[in-house]
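Since every read-out is calculated from the coordinates, none of them should be taken as a lab result. Keep in mind the model is a prediction, meaning the values are calculated, not measured. In this analysis, Cβ positions are derived from the backbone assuming ideal geometry, glycine residues included, and neighbour counts consider all displayed protein chains.
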Amino acid sequence: MRKLAHIINPFNADPASDLYTAQPITFASMLNAKEHAKKLVNVELWTAQFPEDRNMVKEGFLATRDLERSVLDLESFTKEMKLPLIDDIIRRLYEESDADYLIYTNVDIGVFPNFYTEINRFIDDGLDACIINRRRLPAHFTEVDQLDKIYLETGKKHPGFDCFVFHRDLFKDFQLAEICIGVPFIGITFSQNIFALAKKYKLFENEILTFHIGMEIFKKRAGRDYFKYNQKQFWITMNSPLKKHLSSNKIPYSKSILPIRLFRQGLQPSIPIRLVLRLELKRITSYFRKKK
């Protein structure tokens, strides 16, 4: 039986934060989806956490070794936020689980009951990676006992990327630099690794498989200095050994004619237009070289 390993980063959220109510719903939804899938696929639920957050590891979840560093160990910020690095989280999952496919979602992303069975079906269809966009649900859902009502919701689309599924072998070539979670550029960086390295991936923009409580599209959680930090780390990854695998032909909507694909890519916040234009120039230059 195929094995999937899904990891999140739980923490002791401030009671005033929406993450305080979102996390228990996330935990419960993952456990429900695992139970729903048990006859078809073996699902491991994992957490990567700081030592002070071990109390957040719920029954039914496996804890990796504790995280040892945060973005605060690498840079100085106006407001200190102990944000972990995405590479540290995924590397722990890669090293401590032998699952065929690895899954990462933000801790405020819940899953519908058929989440793992559908991922298993996508893999059966030949995908070695996929990205699943969430559905935005009303903010009045704040309790675990509302899950049955949550499951009846279809919600609204969300453009950003926050759920990543990939074959474990792809991680060997991942370039994530020192990107921290909870700040823009994590989805952009993660997705570019998948676009560049996967043999066959798919972006699922309309499926009802994951959800986020709250209708907002963007939510500010960190200051401008964190944004600039992650932006710098993103461009480090784009100029790393990953660069040779980057191609405009691999980015979503690439089969559309140039004006349409640029328009659609420009509307997607997880596809940086500056990178797109750079890759398009490379594509055009390569085309004319072949014509000579």
R0 of 35 Å, Cβ-Cβ distance ILE284-LYS228: FRET efficiency to nearest 0.05: 0.70
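Given the peptides 96-106, 247-257, 122-132, arrange them by the average over their residues of other C-beta atoms within 10 Å, most packed first.
Numbers: 96-106: 20.2, 247-257: 14.9, 122-132: 18.6.
Descending mean neighbour count gives 96-106, 122-132, 247-257.
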LEU62-ASN12 pseudo-label distance in nm [points 7 Å out on the Cα-to-Cβ vector]: 2.7
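Against the empirical 2.2 N^0.38 Å scaling, what ratio does the C-alpha Rg of region 9-114 come to?
Numbers: Rg = 14.6 Å, N = 106, 2.2 N^0.38 = 12.9 Å.
Here the answer is 1.13, to two decimals.
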Cα principal axis extents for the chain, largest first, Å: 65, 46, 37
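Taking the alpha carbon gyration tensor of region 171-275, what are the square roots of 5 times its eigenvalues, largest first, to the nearest whole Å? Mind showing how you got there, number by number?
On the way: eigenvalues 92, 78, 41 Å².
That gives 21, 20, 14 Å for the three semi-axes.
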Label point distance in nm, ASN42-ILE273, each placed 7 Å from Cα along Cα→Cβ: 4.8
Within a Gaussian network of the chain (alpha carbon springs, distance under 10 Å), most fluctuating of PHE263, PHE185, PHE174: PHE263
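Give the calculated FRET efficiency between LEU72 and GLU207 to the nearest 0.05, with a Förster radius of 30 Å applied to their Cβ-Cβ distance. Present the calculation step by step, with values, prior to reporting the outcome.
On the way: r = 36 Å, r/R0 = 1.22.
The calculated FRET efficiency here is 0.25.
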Theoretical FRET efficiency, 1/(1+(r/R0)^6), r = Cβ-Cβ of HIS245 and TYR151, R0 41 Å, to 0.05: 0.60
Principal axis dimensions, region 56-191 - Cα atoms, whole angstrom, descending: 44, 38, 32
